[in-house]
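Peer 1: Once you've had a glance at the structure underneath, I'll fire off some questions.
The values are calculated or read from the model by the stated rules, or taken from the named source; none is laboratory data. Note that the structure is predicted; figures quoted are calculated from it, not measured. Backbone-built Cβ (ideal geometry, glycine too); neighbour counts: all protein chains shown. Remember, those area values only see protein heavy atoms, side chains included, never the ligands or the DNA or RNA. Shrake-Rupley method; radii C 1.70, N 1.55, O 1.52, S 1.80 Å.
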Amino acid sequence: MDQIRVTGGKALRGEVKISGSKNATLPIMAAALLAEKPVTLTNTPLLQDVRTMAAVLQILGVKVTLKDRSVLIDAKDFSAAEIPYDVVRKMRASVYVLGPMLARLGQARVSLPGGCAIGPRPIDLHIKGLRALGADIQLEHGYIEASARKGLRGAEMWLEGPNGSSVGATCNVMMAAVMAKGTTVIHAAAREPEVCDTAEFLKSLGARIEGAGSSTITIEGVDRLDGGKYRVVADRIEAGTYLVAGAMTGGDVKVSDCRPDHLETVIEKLAEVGADLSVDGTTIRVRGGNLSHPIAIRTLPYPGFPTDMQAQFTSMLAVVPGTSTVTDTIYPDRFIHVAELNRMGADIHAHAGVATIKGVKLLSAAPVMASDLRASAALVLAGLIAKGTTTVLRVYHIDRGYESIEKKLSALGAQIERISKGQ
Ligand code: UD1
């Protein structure tokens, strides 16, 4: 298994280009199942999760061609097949095929996703929404067995869970509703940019969707969707991660090809800590050097502070003087990185969804274990400022969501390398 070795102490300088959004590409690839003609997606990131979603579509008889930063999907021969546990356990977003399968084939058998390193992640809202559209859904032997022999019908529904809206449920139900008979209204819909991008993609194929980006989405069913070409939106979490990297190393970094309007809370919190930020079109410049104010962060559904940036901020706050707090209201158990950061000399106490971070002067390098995608990125960030050489193990977690992180960081001047298996 690959490792990443990073030697701390270099202030990052230069420009980093942001890739297309992983969390938009995955539902959009699933949504392409609804099109009877070929679809070309551009600006797709070169990531393991994209390859996994391609494999899921191929199980369903769909032709998928991955070529550099584009994905060609031809769902002409889309046919029912089981999506097994072995695939879904690798990537929970595999359940995105449920809605399109019901819409076009009237049946689906998809493994239930299990637990996950960041805590319990139920899919009850996906099921609630699809049932509201008339699907018959049974959960048996670890599988979701769904059918809608007479077709789906538009309905009004509230998709609110105990922690607010759900990105996955909103996208899944929206995809199913696009070809349902009549009107669907989703209340308490997730407002994340990835939901909007999925809606924009579907609209480009002829779907009739209004209100994506607000908490009420209205969908008028259509009989069929066309093919077409669509450019995936920039990855706001990758952009946010490089902004934190620039700030915490006391560097001067231009994060380009991104959507600053999707990063407002992240920019605001970095400024509150003391970073200097400026926005010019699709570029955000960050300068660190004076991170001296402890802050309180609370993760919330968009447009609130993203849970997917929580771990990276925790790494940064580990060396900001004073006491900061990070509360994750979306995934209260998402603090596995804390134990590893403490092994690097941080002073963080996580309890009941709140991390209390007492800033220390310096982190010291250590071998650390990546546990999930964003936590792994947080450990690489910690390595950038730690004294000595940090080895991050289980790098495959990072490869799921960050395109060539070691190349992008090293182009900014970081001392970082990937040690591949066998070296
Ligand atoms: C997506 C992102 C993930 C991000 C998360 C929250 C992808 C592939 N992943 O995950 O990176 O951390 O949004 O921004 O896009 N919930 C329920 N019942 C459900 C579904 C969700 O209670 O049926 C809860 C979850 O446990 C969580 C909250 O709702 O507390 C939000 O989850 P959700 O938005 O669905 O996350 P994902 O779509 O799985």
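Peer 1: Order H293, H337, H351, H262, most accessible first, counting only protein heavy atoms with a 1.4 angstrom probe.
Peer 2: Largest accessible area first, the residues go H351, H293, H262, H337.
Peer 1: Next question. In this model, which of K128/K254; K10/K421; K361/K407 are farther than 32 Å apart at the alpha-carbon?
Peer 2: With Cα atoms farther than 32 Å apart: K128/K254.
Peer 1: Calculate I(q)/I(0) for the chain by the Debye formula, one identical point scatterer on each C-alpha and no solvent, and give its log10 at q = 0.06, 0.09 Å⁻¹ to two decimals.
Peer 2: Calculated log10 I(q)/I(0) at the listed q: -0.24, -0.54.
Peer 1: Would you kindly compute the Cα radius of gyration of the stretch 22-231 and its largest Cα-Cα separation (Dmax), both in Å?
Peer 2: Values for the stretch 22-231 (Cα only, Rg and Dmax): 15.2, 41 Å.
Peer 1: If you don't mind, there's one more thing I want to ask. When you count, for each residue, the other Cβ atoms within 10 Å and take the mean per peptide, how do 234-242, 217-225, 326-334 rank with the highest first?
Peer 2: Highest mean packing first, the order is 234-242, 326-334, 217-225.
Peer 1: Let me ask another. Quick one: work out the % antiparallel among DSSP beta bridges in the chain, nearest 5.
Peer 2: Restricted to the chain, the bridges split so that about 70 percent are antiparallel.
Peer 1: Can you give the Rg to Rh ratio of the stretch 292-388, both from alpha-carbon atoms, with Rh computed by the Kirkwood formula?
Peer 2: Rounded to two decimals, Rg over Rh is 0.94.
Peer 1: Net charge around R334, counting only other residues with Cβ within less than 12 Å of its Cβ (Lys, Arg = +1; Asp, Glu = -1)?
Peer 2: After counting each charged neighbour, the total is -2.
Peer 1: Against the longest principal axis of the chain, how steep is helix 48-59, in degrees 0 to 90 to the nearest 10, with axes from Cα atoms?
Peer 2: Once rounded, the angle reads 20 degrees.
Peer 1: Summarise the accessible area of the stretch 22-231 (1.4 Å probe, protein heavy atoms) by the percent that is carbon and sulfur.
Peer 2: So the carbon and sulfur contribution to the accessible surface is 47 percent.
Peer 1: Using the Cα centre as the reference, give the magnitude of the dipole from point charges on the C-beta atoms of the stretch 138-240 (Lys, Arg: +1; Asp, Glu: -1; all else neutral), rounded to the nearest 20 debye.
Peer 2: Approximately 380 debye in magnitude.
Peer 1: In addition: Leaving out same-chain residues fewer than 8 places away, which lysines sit with a Cα under 24 Å from that of K37?
Peer 2: Partners within reach: K22, K63, K67, K76, K150, K181, K203, K229.
Peer 1: Relative contact order for the chain: what is it in percent, counting Cα pairs under 8 Å that are at least 6 residues apart?
Peer 2: Value for the chain: 21 percent.
Peer 1: Given an 8 Å cut-off on Cα distances and at least 6 residues of separation, report the relative contact order of the stretch 22-231 as a percent.
Peer 2: 21
Peer 1: Let me ask something else. Helix 167-177 versus the longest principal axis of the chain: what is the Cα-based angle in degrees, 0 to 90, to the nearest 10?
Peer 2: Tilt relative to the chain: about 20 degrees.
Peer 1: Shifting gears a bit: Let's see if you can work this out: charge +1 on each Lys and Arg Cβ, -1 on each Asp and Glu Cβ, no other charges. What is the dipole magnitude of the stretch 22-231 about its Cα centre, in debye to the nearest 20?
Peer 2: 320
Peer 1: Sticking with this structure for a sec: If DNA, RNA and ligands are ignored and the probe is 1.4 Å, what is the ranking of R374, R343, R92 by accessible area, most exposed first?
Peer 2: Sorted descending by solvent-accessible area, the residues read R343, R92, R374.
Peer 1: Something else about it: When all protein chains stay in place, what accessible area (Å², nearest 10, 1.4 Å probe) is found for K67?
Peer 2: Answer for K67: close to 140 Å² accessible.
Peer 1: Assign unit charges at the C-beta atoms only (+1 for Lys and Arg, -1 for Asp and Glu), then state the dipole size of the chain relative to its Cα centre in Debye, rounded to the nearest 20.
Peer 2: With only Lys, Arg, Asp and Glu charged at Cβ, the dipole is about 640 debye.
Peer 1: Based on DSSP, what percent of beta bridges with both residues in the stretch 22-231 are antiparallel, to the nearest 5?
Peer 2: Approximately 70 percent, going by the DSSP bridge assignments.
Peer 1: Keeping every protein chain present and rolling a 1.4 Å probe, give me the accessible area per residue for the chain in Å².
Peer 2: On a per-residue basis, 39 Å².
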